[in-house]
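The values are calculated or read from the model by the stated rules, or taken from the named source; none is laboratory data. It should be emphasised that the depicted structure is a prediction, and the values quoted were computed from it without experimental measurement. Cβ placement follows ideal geometry from the backbone for every residue including glycine, while neighbour counts extend to all protein chains displayed.
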Amino acid sequence: MLLELKVSNFAIIENLHIEFETGLNILSGETGAGKSVLLKSLALLMGEKSSADTIRTGAQTATIEGSFDIQKRHDIKKNLEEMGIEIEEDTLIVRRTISTGDKSKVYLNGTLSTLHNLRDIVAPLIEVAGHSAPLIEMTGQHENRHLLSKAYHLDLLDQYAGTWDKRLQYQKGFERYQEIHREIQQLESDAKQKAQRLDFLTFQRDEIADLELKSGEDVEIEAEVKKLKSASRLFQFVDQAEEALYSDDDSAMNRINTILKRGNEISSLDPQLAGKIDVLEQAKTLIDDCIYSLRQYVNKIDSDPQRLESLEQRLSDLRKVQKKYGPTVDDILKALAEMETEIKNLQNSETRIEDLKKEAATLVKELEKLALDIHKRREKGATLLSDSVNEELLDLNMKGVTFHANIIKLENLTATGVSDVEFMSQTSAKDPKRPLAKFASGGELSRILLSLKRVVGSSNQPRTYLFDEVDTGVSGQTAEKVGRKLKSIAKGQQVICVTHLPQVAAFGDVHFFIQKSPKKDSITMEVAALPSKERVKEIARLISGEKISKTSLDHAEQLLKEAH
């Protein structure tokens, strides 16, 4: 709720400080005292666009600041936290500065913010009814609606008819239906591209799969090709080694045998010498083993030219796919696995479309059944709402004006069901029903809103309602009824009402008087909370005009006594 309003250098306001209270706050004053300026400053707190033309003459900057109690507004606190705005003592301070050159700044709890954020945060806090400020209505935790908005009409009817939970259930299903529809459209629109992609991937997959690759195969083939190409050199080396070590007349083996023979001959001279040359016998064995091993190895080398040609062809095929899919066979095999996964997904898209269509068909039947149930409940609710509001309007002396909660069944499902709801009015039985948007009088709109609030009731989230012109065209007993209705709406909440009627003013929990005060070279506006005696005088002025009589004072006291 709005706790304080501070305004400086705005229009005719030089410095203004108002401390509002819970309940019914009355604003009154002489015609032209500046009530519209005050309402305009409140509208700026709600996010209305500013203009440098509103800066007080001689000043460079205008400031409007409002302090709100948000202790019971957990939705607002959550939104502020999501915006990164700190909250102290459950208070929100909104400040707007307007500078020359149409430069405007918005601050939320001292943090520079945007006009968009201001509207999101503050608009649910204040509700305005009247042509002098925007008409803003709230029906739910996150819902801002204009009284002239058909969307708001539906919200209000669902609140009244008790169909809100069913509507949320329906909306959840409808959102899923839309998701399915979008996915089907996407899958079908991509069908041609997917077919081309599938053909391309299938070609690539087959190209790789036909090679029947094995991990590390390229490294093995390269090594074998290199060996086969060098087979003649390997054979030559083994032949040369065999000759040098074994078969030549001057081979290592022959020389070792010669040494062993001479050593055995002279071993009789020194028995220890025989032990020293025994290692040569081991050398002979090692040479035999080496020659045998080399011969065995080269004999296994397949020097068949066809084998080499086959391997070189295989290597050439590998090189082609390596250029396309990766530098190694392992990279190619990885690419193949990815292709097969994508091919599987593409091939399953048709199945996916069919599954989605089946789900959509089942869901549509459920939604149609639920939407029809909600519509029937809304129809009953619309009749009761119309009757109840018309009783309130009759009580408010709006003779001839009939309120209609008009409801039509739609052919197709929408996000809110199959109901088209619009609040309409009829000025006489002969006149056609007209949408509330064509209602010319701000006062009549205010009284319709007043009636709706009385019938539907307010939500459990305390906030501020601002009523202007709600008493236009009424007097006497009707005016008293307007006051009582405002008083009932203000219970546990806050109503700020601009009024010219003493019967309405008498019901206020606090009464503010607005007046213009002349200065040396200008005029300024002042607002003051009236103490008891001054309040009696102001109500007496509303009764009799500028000439306050004892009779009007007595009448004023009587009105206050009866109202409280």
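Quick grid of which residues meet (1) at pLDDT below 70; (2) closer than 30 Å to Glu340 by Cα:
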| residue | (1), (2) |
| --- | --- |
| Ala223 | no, no |
| Ile259 | no, no |
| Glu265 | no, no |
| Lys300 | yes, no |
| Arg319 | no, yes |
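Do the conditions hold for Ser349, that is, is it exposed (fewer than 12 other Cβ atoms within 10 Å of the Cβ), assigned to a helix (DSSP H, G or I) and out of contact with any strand residue (DSSP E or B) (no Cβ under 6 Å at 6 or more places or on another chain)?
Against the criterion (exposed (fewer than 12 other Cβ atoms within 10 Å of the Cβ), assigned to a helix (DSSP H, G or I) and out of contact with any strand residue (DSSP E or B) (no Cβ under 6 Å at 6 or more places or on another chain)), Ser349 does not qualify.
With respect to Lys77, is the statement that it is modelled with pLDDT under 90 and surrounded by 15 or more Cβ atoms within 10 Å (Cβ to Cβ) true? Let's see the steps before the verdict.
Details: modelled with pLDDT under 90: yes; surrounded by 15 or more Cβ atoms within 10 Å (Cβ to Cβ): yes.
The answer is yes for Lys77.
Identify, please: which residue in region 375-394 is of a type in the set (D, E, K, R) and surrounded by 19 or more Cβ atoms within 10 Å (Cβ to Cβ) and is, among those, farthest from Leu486 (Cα to Cα)?
Among them, the one singled out is Arg378.
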Quiz item: Out of region 404-433, which residues are without any contact (Cβ under 8 Å) to a residue 24 or more places away in the chain and charged (D, E, K, R)?
Solution: Glu411, Lys430, Asp431
Quiz prompt | Which numbered condition Gln493 misses (of (1) over 23 Å from Pro462 (Cβ atoms); (2) modelled with pLDDT under 85; (3) among the polar types (S, T, N, Q)) | solution = (1)
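Residues of region 518-553 being surrounded by fewer than 12 Cβ atoms within 10 Å (Cβ to Cβ) and either at pLDDT 90 or above or within 27 Å of Lys6 (Cβ to Cβ) (or both), which ones?
Listed by number, the residues that qualify are Pro518, Lys519, Lys520, Asp521, Ile523, Pro531, Ser532, Lys533, Lys550, Thr551.
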Quiz item: Out of (1) closer than 16 Å to Ile12 by Cα; (2) in a loop (DSSP other than H, G, I, E, B), what's the single condition that is false for Glu86?
Solution: (1)
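Taking region 80-94, which residues are touching a residue at least 40 places away in the same chain (Cβ under 8 Å) and surrounded by fewer than 17 Cβ atoms within 10 Å (Cβ to Cβ)?
If the condition is that a residue be touching a residue at least 40 places away in the same chain (Cβ under 8 Å) and surrounded by fewer than 17 Cβ atoms within 10 Å (Cβ to Cβ), then Thr91 is the only one that fits.
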Self-check item: Positions within region 460-492 being free of Cβ contacts under 8 Å to residues at least 60 places away in the same chain, surrounded by 20 or more Cβ atoms within 10 Å (Cβ to Cβ) and part of a loop (DSSP other than H, G, I, E, B), in sequence order
Solution: Asp471
Quiz prompt | Sole residue being at pLDDT below 85 and farther than 26 Å from Asp69 by Cα, chosen from His131, His153 | solution = His131
